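Participant: Have a look at the structure that comes next, please.
The values are calculated or read from the model by the stated rules, or taken from the named source; none is laboratory data. The shown structure was predicted, so the numbers you read here are calculated from the model rather than taken from an experiment. Note that each Cβ is placed from the backbone with ideal geometry, even for glycine, and that neighbours are counted across all protein chains shown. For the accessible areas, the whole protein counts, side chains as well, though only heavy atoms, and no ligand, DNA or RNA atoms are used. Shrake-Rupley method; radii C 1.70, N 1.55, O 1.52, S 1.80 Å.
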Amino acid sequence: MTPPSAEHLRKIVRAIAGNVKKQDFLTYFKKLSLLSYADGKVVFGVVSSFARDNLAHKFKHEIAEAVSGVLPEVESVEFSVDSDIDNPSNAAVIDCLKEYKEFFSLKKKEEEASVAKEEEEMGGINVRMMNEKYRLENFIVGPSNQLAYAAADAVSRRPGSAYNPLYIYGDVGLGKTHLLQGIGNTIKARFKDKKVIYTTADRFLTDYVNSIKKRTVDKMREKYRNIDVLVIDDVQFLAKKERTQEELYNIFNLMHESGRQIVLSGDRPPKELTEIEPRLKSRFEWGIIVDVGAPDFETRLAILQEKARSREFILPQEVAEFIAYNASSNVREIEGILNQIIAEYELHGKPPTLENVSSRFQKLGVTNDAIGNRNLQRRVARSYDELLDAVAGHFGIEKKTLVGEDRRKENMIPRQVAMYLLKNKMHFTYERIGNIFSGRNHSAILYSCRKLETVLKKDQNLYYEMNVIRDKLGL
Ligand code: ADP
Ligand code: MG
């Protein structure tokens, strides 16, 4: 048998790169060499016994799969430390990091090429503009967008025959793009054979201009002839672009005549679109026109909770209410605030407490009076009894257990939290705290507070829980 070449090895490493997590790959795969090859058994050389043990165990399946793809005749794979692996004259050593980078850059190029090919086939129409996260199921419905949602839902069930065209208008950040892409994604999922194109008026214009330059206008027209659903976002951007408007007018007629669905959005009703040809405007009015308005408090709250849920982020109810109450009606801005809160928690360990969030609002220059007022109105716990109630309530244990002697972990942590808050936020002396907690002595309380401090440094969730309690008590 001829031994495998460096090229074989390279292919194997790249196949593995595509199958294991980046962090793992960078940690365990440094260099790989070929030590021997005989009787269906291949022995790879690695840099250390650490790499050897890990490769042989952790990545057994990924490696076996990659090897069998490249060298089908191999029956078993082994690893051994190669003392010569760092010798520059050793020709068959593969630098895994280099292959890793190569693999991903090739993959990226392939993806770009396939998008380009698809676009080429579509006569220059950009085909991948929809974002899967915009779905009709995660669109929150309230009085401000109920009609728009109902129309979108109907169109996605019976494209071409419910309302044609569907025209949705409203101010920026109120969910038009979400609804339009939601319709596109839903139709694609429901009717596998239907061709759906989502584009923006802006992009439609660019594609059209490019096709003129490349002399592929006929090809572009031909493609629009073959699609089933055309979704065009932000048609107000077609203002003053007469030729593009004419192109769209023709496509519109063609599609409408043959009962194919058109969905449009704009920042105002068709009638008020300036510098758009009257005949095109009148087409926009043929079907149904619905608006999306500013969401009310309940809808804002529900949207915020849905966004937090989809990011797997826990937003305390009172904080969500605070944001929904104070934020503007632009949903994109509300999302922006949520993103910042998540980033502050993930990057700086700052939990989403009422205190942190309201100071963030102030930094953003949101000058809603309600913010200051709500902060000022926060009541402060007046007695230690109130604090004990809140802590016990938060952790779901009895107050007498909290102050008692039971040393189970589920009771210890709440107890330490209560002691810590009494000491650091209500400024009780250790003696006084000791008396509250079944007469424990000074040093026991001191020890508990210290202990909790070290736990808090490591356990962000506990830190965050404690802040929720503090907020509740105004501490
Ligand atoms: P528009 O196109 O009207 O400017 P978008 O559709 O881009 O607005 O909405 C801005 C952001 O707000 C998006 O991330 C969108 O998901 C979100 N959003 C707006 N309205 C809703 C809603 N009712 N339910 C869920 N998310 C919404
Ligand atoms: Mg939009």
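Participant: Yes or no: residue 219 under 16 Å from residue 134 (Cβ atoms), part of a helix (DSSP H, G or I) and not assigned by TED's automatic domain parsing to the domain that holds residue 328? Break it down into steps so the answer makes sense when it comes.
Facilitator: Details: under 16 Å from residue 134 (Cβ atoms): no; part of a helix (DSSP H, G or I): yes; not assigned by TED's automatic domain parsing to the domain that holds residue 328: yes.
It is false that residue 219 is under 16 Å from residue 134 (Cβ atoms), part of a helix (DSSP H, G or I) and not assigned by TED's automatic domain parsing to the domain that holds residue 328.
Participant: Test residue 148 against the stated conditions and say whether it is open to solvent by less than 30 Å² (accessible area, probe 1.4 Å), within 16 Å of ligand 1 (Cβ to nearest atom), of a type outside the set (Phe, Trp, Tyr) and within 18 Å of residue 287 (Cβ to Cβ). Give the derivation first.
Facilitator: Details: open to solvent by less than 30 Å² (accessible area, probe 1.4 Å): yes; within 16 Å of ligand 1 (Cβ to nearest atom): yes; of a type outside the set (Phe, Trp, Tyr): yes; within 18 Å of residue 287 (Cβ to Cβ): yes.
In short, yes.
Participant: A further question on this structure: Determine whether residue 413 is at pLDDT below 95, within 16 Å of residue 451 (Cα to Cα) and hydrophobic (A, V, I, L, M, F, W, C).
Facilitator: Values: at pLDDT below 95: yes; within 16 Å of residue 451 (Cα to Cα): yes; hydrophobic (A, V, I, L, M, F, W, C): yes.
So residue 413 fits the description; yes.
Participant: Quickly run through the range 380-420 and pick out the residues that are in contact (Cβ under 8 Å) with a residue 60 or more places away in the chain and open to solvent by 70 Å² or more (accessible area, probe 1.4 Å).
Facilitator: 380
Participant: Quick check on the range 280-335: of everything there that is part of a helix (DSSP H, G or I) and within 16 Å of ligand 2 (Cβ to nearest atom), which residue is surrounded by the fewest Cβ atoms within 10 Å (Cβ to Cβ)?
Facilitator: Our first condition is that a residue be part of a helix (DSSP H, G or I); within the range 280-335, this holds for 280-284, 297-310, 317-326, 331-335.
Okay, now just the ones that are also within 16 Å of ligand 2 (Cβ to nearest atom), so 303, 331-335.
Working: 303: 21, 331: 24, 332: 12, 333: 14, 334: 22, 335: 16.
Once the filter is applied, the top-ranked residue is 332.
Yes/no matrix, rows are residues, columns are (1) within 22 Å of the chain's Cα centre (by Cα); (2) within 30 Å of residue 213 (Cα to Cα):
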| residue | (1), (2) |
| --- | --- |
| 245 | no, yes |
| 269 | no, no |
| 278 | no, yes |
| 281 | no, yes |
| 284 | no, yes |
| 302 | yes, no |
| 309 | yes, no |
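Participant: Can residue 182 be described as within 13 Å of ligand 1 (Cβ to nearest atom), outside the structural domain of residue 328 (by TED's automatic domain parsing), in a loop (DSSP other than H, G, I, E, B) and open to solvent by less than 20 Å² (accessible area, probe 1.4 Å)? Even if it seems obvious, please write down each step before you answer.
Facilitator: On the way: within 13 Å of ligand 1 (Cβ to nearest atom): yes; outside the structural domain of residue 328 (by TED's automatic domain parsing): yes; in a loop (DSSP other than H, G, I, E, B): no; open to solvent by less than 20 Å² (accessible area, probe 1.4 Å): yes.
Here the answer is no, as residue 182 does not meet what is asked.
Participant: I'd like the residue in the range 197-224 that is closer than 17 Å to residue 261 by Cβ and either crowded, with 23+ Cβ neighbours inside 10 Å or not aliphatic (A, V, I, L, M) (or both) and, out of all such residues, is farthest from ligand 2 (Cβ to nearest atom).
Facilitator: Across the range 197-224, the extreme among qualifying residues is 223.
Participant: On to the next question. List the residue pairs whose Cβ atoms are under 9 Å apart, where the first residue sits in the range 129-143 and is touching a residue at least 60 places away in the same chain (Cβ under 8 Å), the second is assigned to a loop (DSSP other than H, G, I, E, B) and away from ligand 2 (no atom under 16 Å from the Cβ), and the two are 6 or more positions apart or on different chains.
Facilitator: 142/296; 143/296
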